[in-house]
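Undergrad: One structure follows; several queries about it will come next.
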Amino acid sequence: MTLPSTYTDRNCSLARALEIVGERWTLLIIRDAFLGVRRFGDFATQLKIPRAVLTSRLKFLVQEGVLARDDDAAKGVEYRLTAKGVGLWPVVRTLMGWGDAFYSPTGVKRTERHDRDGGLLDHEGRCEDCGLAVPVPEIRIEPGPGFDPANSDRDPVSNAINTPRRLLEPIMAARTRT
Ligand SMILES: [Zn+2]
């Protein structure tokens, strides 16, 4: 299948990567997936994204192998990050850090800790307590000093992802059925 050629530099892997994750909303969907969002209705609630756009982005990410769609009827349809998708964590955390550095004067909005010992992660993703390069499922994310609850939505999905939690752990939000 021919992929859309949005960018012209065929010899740059950044251009190639942006064809997958460079569209509006895509990295926010991926961030939410890291924070444990798995269902269409929960992505829609949290992101307030037009549903047609969400449908299109999820379909594309599944097609590209970033997300896997699980159609288990008992639980309803879920979207989960694949290993390829989890490989985007350094991108997400680095962009978050850049946003904190330049657009969050009151401090980081989300803090990363090593879940096992509570150590803070440094800018390279190493635990300041034990020195381990902490794997994604062992990272605990929690509101930081720059997080302002007054600017946060109160829906169950937002409440869940703004509570200290390990990455990739599914949220237990009240279900918004689609
Ligand atoms: Zn540690």
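Undergrad: Of the residues Arg24, Arg57, Arg39, which single one is free of Cβ contacts under 8 Å to residues at least 40 places away in the same chain and under 22 Å from Lys75 (Cα atoms)?
TA: Every option except Arg57 fails the conditions.
Undergrad: State all residues of the stretch 156-170 that are within 16 Å of the ligand (Cβ to nearest atom) and either farther than 19 Å from Trp89 by Cβ or assigned to a loop (DSSP other than H, G, I, E, B) (or both); if no residue qualifies, say none.
TA: Pro164, Leu167
Undergrad: What is the number of the single condition among (1) surrounded by fewer than 19 Cβ atoms within 10 Å (Cβ to Cβ); (2) within 14 Å of the chain's Cα centre (by Cα) that Asp32 does not meet?
TA: Tallying (1) surrounded by fewer than 19 Cβ atoms within 10 Å (Cβ to Cβ); (2) within 14 Å of the chain's Cα centre (by Cα), Asp32 fails exactly one: (1).
Undergrad: Could you list, in sequence order, the residues of the stretch 97-117 that are within 21 Å of Gly36 (Cβ to Cβ) and either in contact with a His (Cβ under 6 Å, 6 or more places away or on another chain) or free of Cβ contacts under 8 Å to residues at least 12 places away in the same chain (or both)?
TA: Hit for the stretch 97-117 is Gly99, nothing else.
Undergrad: When you check Val77 against the structure, is it in the same structural domain as Pro149 (by TED's automatic domain parsing) and modelled with pLDDT under 95, yes or no?
TA: No; evaluated as a whole, the condition is false for this residue.
Undergrad: For Asp153, only one of the following conditions fails: (1) more than 11 Å from the ligand (Cβ to nearest atom); (2) free of Cβ contacts under 8 Å to residues at least 60 places away in the same chain; (3) assigned to a loop (DSSP other than H, G, I, E, B). What is its number?
TA: (2)
Undergrad: Report the residue count in the stretch 141-150 for those that are surrounded by 14 or more Cβ atoms within 10 Å (Cβ to Cβ) and either small (Gly, Ala, Ser) or within 16 Å of the ligand (Cβ to nearest atom) (or both).
TA: Final tally of qualifying residues: 3.
Undergrad: Of all residues in the stretch 54-64, which are buried (at least 16 other Cβ atoms within 10 Å of the Cβ) and of a type in the set (A, V, I, L, M)?
TA: Answer for the stretch 54-64, where residues must be buried (at least 16 other Cβ atoms within 10 Å of the Cβ) and of a type in the set (A, V, I, L, M): Leu54, Leu58, Leu61.
Undergrad: For the stretch 35-90, how many residues meet the condition of being acidic (Asp, Glu) and touching a strand residue (DSSP E or B) at 6+ places or on another chain (Cβ under 8 Å)?
TA: Summing the residues that are acidic (Asp, Glu) and touching a strand residue (DSSP E or B) at 6+ places or on another chain (Cβ under 8 Å) in the stretch 35-90 gives 3.
Undergrad: Let me ask another. Identify, from the list Val53, Val62, the residue that is away from the ligand (no atom under 13 Å from the Cβ) and out of contact with any Lys or Arg (no Cβ under 6 Å at 6 or more places or on another chain).
TA: Exactly one of Val53, Val62 is away from the ligand (no atom under 13 Å from the Cβ) and out of contact with any Lys or Arg (no Cβ under 6 Å at 6 or more places or on another chain), namely Val53.
Undergrad: Please specify each residue of the stretch 97-140 satisfying the condition of being within 13 Å of the ligand (Cβ to nearest atom) and crowded, with 18+ Cβ neighbours inside 10 Å. Talk me through it step by step, then tell me what you get.
TA: Initial filter on the stretch 97-140 (within 13 Å of the ligand (Cβ to nearest atom)): 112-122, 125-135, 138-140.
Across the stretch 97-140, the qualifying residues are Glu112, Arg113, His114, Asp115, Gly119, Leu121, Gly125, Cys127, Val134, Ile139, Arg140.
The values are calculated or read from the model by the stated rules, or taken from the named source; none is laboratory data. All values reported here derive from a predicted model rather than from experimental measurement. Because the Cβ atoms are built from the backbone with ideal geometry, glycine has one as well, and the counts that use them run over all protein chains shown.
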